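Notes follow the structure.
The values are calculated or read from the model by the stated rules, or taken from the named source; none is laboratory data. All of these numbers come straight from a predicted model, not from anything done at the bench. Here the Cβ positions follow ideal geometry from the backbone for every residue, glycine too, while neighbour counts run over all protein chains shown.
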DNA sequence: AGAAGCAAGACTCATTTGGTCGCATATTGT
DNA sequence: ACAATATGCGACCAAATGAGTCTTGCTTCT
Ligand code: FES
Ligand code: FES
């Protein structure tokens with residue numbers, strides 16, 4: 001249930017990588033804090049070609065700026081604080097939603113006799129909200145923060 | 001993204017149906033508030049055989065009690081207030097989670113170089129929480145409650 | 001006995017994902 | 001100018017998952 005696709009996962013990783021790059025810009029880059037698709041793919045051991053396509057999608061969505069040519073690459077279009085995980089996921093996976101019934105036709109096949117829709121929509125909204133509040137800057141965990149025992153005892157996910 | 005499977009959707013609908021049945025029990029049922037798989041499938045126009053399997057799964061998970069034979073059927077094992085949407089979804093879709101990386105092996109293939117995991121886990125927990133709080137009793141909307149303009153202006157889901 | 005119902009599995013078909021290849025185009029260092 | 005390094009885009013493919021069907025057997029009620 002509620003699975004995030006690998007592409008979205010990769011996308012978030014890449015974004016995080018770029019956000020870190022932006023913090024400590026190295027010498028003479030056409031765009032500050034840029035990195036090539038291959039470099040990022042290499043860093044995380046993910047298929048370079050696939051990552052390339054993901055980054056292109058992200059660029060088209062306006063979350064990244066790209067620059068071709070030697071020493072080119074991608075960089076964040078905005079500040080890391082201004083990009084939400086929701087945007088990233090939506091850009092990659094498309095606006096699919098929990099209800100499994102919002103189709104292209106606007107209404108569900110079951111519309112009318114499905115009474116479940118509205119309550120689920122609220123859940124959906126909450127999740128959207130949640131994801132919107134999570135910005136990619138938040139993904140950068142400063143290793144110096146103390147382990148929060150507050151949220152210990154979380155769920156244990158057992159294999160299916 | 002974050003799609004609920006149709007099976008889970010069906011399951012929730014069925015549960016709701018049974019919850020309503022339980023409220024106004026009709027005459028001489030082996031179990032109070034019971035309905036056959038076919039009856040429910042009929043009511044919502046969903047494939048009977050498929051629903052049957054879903055209900056069986058739910059029964060195995062202990063959310064429903066079943067009774068074979070003429071006038072048999074399924075009924076809620078517990079009160080509608082004591083069954084969360086989370087349980088239903090988990091029973092049907094299995095404990096898949098947002099991260100797409102929690103595998104049977106316990107750790108992800110990318111473990112080590114994936115830095116995204118922890119923040120996403122928190123999101124995951126929040127969603128779990130959300131779903132756990134939604135009980136199937138909540139799905140029964142009494143038509144007499146006023147339309148809450150408070151949550152108007154929610155997301156507009158556009159076709160992909 | 002026979003009908004109504006659940007239980008369980010194998011099996012098919014369509015969709016979605018994850019991933020690859022090839023080629024075109026843009027940029028830049030030398 | 002030219003080669004090296006990148007992105008941009010589309011077609012393509014294989015594996016996994018999802019949705020739904022079929023068959024066979026068991027249980028209970030009338
Ligand atoms: S499944 Fe479409 S409205 Fe519920
Ligand atoms: S994808 Fe598995 S830990 Fe991030």
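Restricting to helices (runs of 4 or more DSSP H) lying wholly in the stretch B:2-96: which have 3 or more residues that are under 13 Å from the mean Cα position of the chain (by Cα) and within 16 Å of ligand 1 (Cβ to nearest atom)? Explain how you work it out, then say what you get.
Working: elements: B:6-23, B:37-44, B:48-60, B:85-93.
Per the criteria, B:6-23, B:85-93.
Can you find a residue in the stretch A:70-80 that is within 14 Å of another protein chain (Cβ to nearest Cβ) and modelled with pLDDT of 95 or more?
Taking the stretch A:70-80 as the starting set, the residues that turn out to be within 14 Å of another protein chain (Cβ to nearest Cβ) are A:80.
Filter once more, so that each one left must be modelled with pLDDT of 95 or more: none.
Looking for residues that are within 14 Å of another protein chain (Cβ to nearest Cβ) and modelled with pLDDT of 95 or more, one finds none in the stretch A:70-80, hence no.
Listed here are the residues, each with its yes/no results for (1) over 21 Å from residue A:127 (Cα atoms); (2) in contact (Cβ under 8 Å) with a residue 24 or more places away in the chain.
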{"position": "A:38", "(1), (2)": "yes, no"}
{"position": "A:50", "(1), (2)": "yes, yes"}
{"position": "A:69", "(1), (2)": "yes, yes"}
{"position": "A:77", "(1), (2)": "yes, no"}
{"position": "A:81", "(1), (2)": "no, yes"}
{"position": "A:99", "(1), (2)": "no, yes"}
